[in-house]
Amino acid sequence: GLGQTGETYLVDTTRTLGVSERLLQGGGRRQTETEGVKKALAGISGQGQYQNAAGTPVLGVFRWLPNYQMALMAEMSQDEAFAPAGRLALVIVLVGGLAGVCLGAGALVLSRRVARPVLEVTRAAMAVADGDLSARAPATASDELGNLARAFNSMTGELAALYERLEKAGQEREAILTTSFDGIAVAAQDGRVAYMNPGMERLFGYSTDEAPSLSALAERIMPDREERGVLVASLMADMARQNSPERVFSYMHKDGGKRWCRLRISHMDGGRVVLNAQDVTELKTSEERVRHMALHDTLTGLPNRQLFADRLDQALRRARRVGMHVVLVFVDLDHFKGLNDAHGHAHGDRVLVEAALRLRACVRESDTVARLGGDEFVVILADLFRAADALPAARKILESLFDPEVAGGTMFL
């Protein structure tokens, strides 16, 4: 919009045209190399006469915008720029001295009128280069210079809107990271932690200063050296591949409590990775509770029939492999129905609980005491050299169940 040959455009540090409607009408992006571009990219702002990329002598004004790492250029061919002056000189020669004085005065007024909008655009460009995106150039005229000012104002407005959107998006992301309950951290390929949100600090109890790397964090949350080595090796392996699996592991929180964490690693541009972690302690506790309820008797806490069958199968397999013996001791409480009828079911439950406690006290930690149902119990005595080695335990069980020194001697009566 700057005359027939004038153009306003932006050039980035690779000398590639950034904004140029007329120069890019041929399609595609291209590079330009002029004296004005060189000076502007070197950080020099000014104006001058030089040849453009096509070899045409032009009159140019250039400014370096450091905040955006781009050069703002305005150029017009010298022929067109100085054509009015040439015509004015011809008129001066023809009209004579007096007419020359009048025309000189007119030329002075005209030059000021032409220079003022250019200077205003220059002033606004320098303000933008200093970071003031609210700067605007007056665009009162309807000629080429007015069009230049309007184009400059439009470009500056778009830059201001873009900066505002970027700043708002950054604030929203920061708010999400800060308020997220999940733990989020950014780490380099060597394991150094570059960022850790409050959720990650709450999850493990340590800040970035206390755990500057994944290995340092592992040392704090895993006292056992072998477990720590396995975790660090797994995390470093996950960082080296694109599709890493989900890791679930137990750890020691800063407050001394044992907790469970679910962690997964994803990759960012630039070689860094994002660690996303959640506290799954309640979930693991619920799973353990459900598993325990499914495999244990609710009254006595002993293994039920299902867990008994599994323990027996394991004991038999081990016995066949190492040449040992397995002995089963079946226990049935006499007159249990009479106790229930005479004293009620609550008393019967206490009898079953007491019987379970006595049976557990009579065997080794590696042996299994299970309740099959009702008043029936079974004991697995594993890893015996001879079957006769079970007799001492059997006698101890009988003596314990017939011991009256509990509950005033009335528990089993």
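Quick one: with all protein chains in place, what share of the accessible area of region 229-299 is carbon or sulfur, to the nearest percent (1.4 Å probe)?
So the carbon and sulfur contribution to the accessible surface is 53 percent.
Label points 7 Å out from Cα along the Cβ direction at E219 and L384: separation in nm?
5.2
What do you reckon, how do L98, L302, L90 stack up by accessible area (1.4 Å probe), largest on top?
I get L98, L90, L302, largest accessible area first.
Any idea of D130's accessible area? Nearest 10 Å², probe 1.4 Å.
Accessible area of D130: about 130 Å².
Given a Förster radius of 60 Å and the C-beta distance between Q306 and E164 as r, what FRET efficiency does 1/(1 + (r/R0)^6) yield to the nearest 0.05?
The value I calculate is 0.40.
Got a sec? What order do E246, E7, E80 fall in by accessible area at 1.4 Å, biggest, i.e. largest, first?
Per-residue accessible area, sorted high to low, gives E246, E80, E7.
Express in Å², to the nearest 10, the accessible area of L166 obtained by rolling a 1.4 Å probe over the protein heavy atoms while all chains stay in place.
110
Report the Cα centroid-to-centroid distance between region 70-88 and region 223-296 in angstrom, as an integer.
Going from one Cα centre to the other spans 69 Å.
The values are calculated or read from the model by the stated rules, or taken from the named source; none is laboratory data. These figures come from a predicted structure and were not determined experimentally. No Cβ is skipped: glycine too gets one built from the backbone with ideal geometry, and neighbour counts run over all protein chains shown. Protein only, heavy atoms only, side chains kept; ligands, DNA and RNA dropped before computing areas. Shrake-Rupley method; radii C 1.70, N 1.55, O 1.52, S 1.80 Å.
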